[in-house]
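Worksheet: one structure, shown below.
What follows is calculated from the coordinates using simple rules that are stated; it is not laboratory data. Fair warning: this is a prediction, and the values are worked out from it, not measured in the lab. Cβ placement follows ideal geometry from the backbone for every residue including glycine, while neighbour counts extend to all protein chains displayed.
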Amino acid sequence: MSTQARRKFAFFNWTLRPDRDEDAPLTMYASRCLTLNDDDTECAKESPPSKDPTDPQGWTFGHMRTHPEHTSCAEVIERPWVMWRQGPT
Ligand SMILES: [Zn+2]
């Protein structure tokens, strides 16, 4: 007599999509300074996240006023996605 339990597997299809549900987290925007320091490390100072994509642009100008040589930045976007399951197939 076998002591092994029988296992049943179900296979599902998973889909990944942007989360546009009413209760989804907001898409957030930030700006990160890409300027390299003298030791070749990235400045990496980053604006606070904002739901308004123009807020980080204002931060970038402010950062450049205090660090005039820091003229390179990246827009950082955090967009919620969700996975949902279909199946079993
Ligand atoms: Zn910087």
**Request:** Taking the Cα centre of region 23-82 as origin, sum charge times position over the Cβ atoms of Lys and Arg (+1) and Asp and Glu (-1), and report the length of that vector in debye to the nearest 20.
**Result:** 240 debye
**Asked** To the nearest 0.05, how large is the calculated FRET efficiency for K51 and N13 if R₀ is 30 Å and r is the Cβ-Cβ distance?
**Response** 0.40
**Request:** Compute the length gained on full extension between T35 and S72: take 0.36 nm times their separation in residues and subtract their Cα-Cα distance, giving the result in nm to one decimal.
**Result:** 12.8 nm
**Asked** So what is the 222 nm mean residue ellipticity for the chain from helices alone, if each DSSP H run of at least 4 adds -39500 (n - 2.57) and you divide by all residues, rounding to the nearest 500 deg cm²/dmol?
**Response** -4000 deg cm²/dmol
**Asked** In terms of the Cα gyration tensor, with a ≥ b ≥ c the square roots of its eigenvalues, is region 23-82 rounded because a/c is under 1.5, prolate because a/b exceeds b/c, or oblate?
**Response** oblate
**Request:** May I ask you to list the GluC sites (Glu not before Pro) in region 16-47 that are in a DSSP loop and have at most 14 other Cβ atoms within 10 Å of their Cβ?
**Result:** E22
**Asked** What Cys residues in the chain have no fellow cysteine's beta-carbon under 4.7 angstrom?
**Response** C73
**Item:** Relative contact order (percent, whole number), the chain, Cα cutoff 8 Å, 6+ residue spacing
**Value:** 44 percent
**Request:** Mind listing the long-range amide H neighbours of C73? Cut-off is under 5 Å, sequence gap 5 or more, other chains count too, H placed in the peptide plane at 1.01 Å from N.
**Result:** L34
